[in-house]
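A quick write-up on the structure given underneath.
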Amino acid sequence: METLNQFSFARIYTLGRIKQVNDFAWDTQPPSFNNTIRWNVGHVYVNAEILAQKAIPTYEIIHPEWVPLFVPGTKPSDWDVEPPTPGELVIALKEQTERMKAVLANNLSNVLMESMSIGNLHEMNTVEALVGGIVEEENSIS
């Protein structure tokens, strides 16, 4: 359960940081960066959805239409559809927090069908390790 508390804390922190962003900054792409704040916020949301589905294969991704916009390797300059608004992304992150906690709470000790690695993190074999990976990734973006 501590892992889910860390997830909640990371998400509260992320939402607090997002709240401080000026409207014009959401789509500003700094020199030498491929992405924007809007992309990073969407990336946090989409990655958590994808990882939840990897942890629990019956989990249905909410807003699957956002996946092609925010998976690793994508960037706003390649978008050919209108992305979600900042408000839609913030609402989705807030709603996702409780949904993820409810879905994952009784499954933390489950072994993943396929182990995973995220960035520099070691191989993750359980749902709890995967949630820890989500927290680490979110902390690196915030």
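Note on the stretch 17-36: residues that are free of Cβ contacts under 8 Å to residues at least 40 places away in the same chain, in contact with a Ser or Thr (Cβ under 9 Å, 6 or more places away or on another chain) and outside any loop (DSSP other than H, G, I, E, B) total 1.
One residue stands out among those in the stretch 51-100 that are modelled with pLDDT under 95, crowded, with 18+ Cβ neighbours inside 10 Å and of a type in the set (Gly, Ala, Ser): the one that is nearest to residue 30 (Cα to Cα), which is 52. The one condition from (1) farther than 28 Å from residue 115 by Cβ; (2) modelled with pLDDT of 95 or more; (3) surrounded by fewer than 16 Cβ atoms within 10 Å (Cβ to Cβ) that residue 29 does not meet is (2).
For the stretch 38-63, a residue qualifies if it is within 14 Å of residue 88 (Cα to Cα), part of a helix (DSSP H, G or I) and touching an Asp or Glu at 6+ places or on another chain (Cβ under 8 Å), and the qualifying residues are 38, 44.
Each residue in the stretch 60-90 was checked for being of a type outside the set (Asp, Glu) and under 15 Å from the mean Cα position of the chain (by Cα), and 17 of them qualify. Just a yes or no: is a residue in the stretch 71-78 within 18 Å of residue 130 (Cβ to Cβ), in a helix (DSSP H, G or I) and out of contact with any Pro (no Cβ under 7 Å at 6 or more places or on another chain)? No, that holds for no residue.
The values are calculated or read from the model by the stated rules, or taken from the named source; none is laboratory data. It should be emphasised that the depicted structure is a prediction, and the values quoted were computed from it without experimental measurement. Neighbour counts are summed over all protein chains in view; Cβ atoms, including those assigned to glycine, are modelled from backbone coordinates with ideal geometry.
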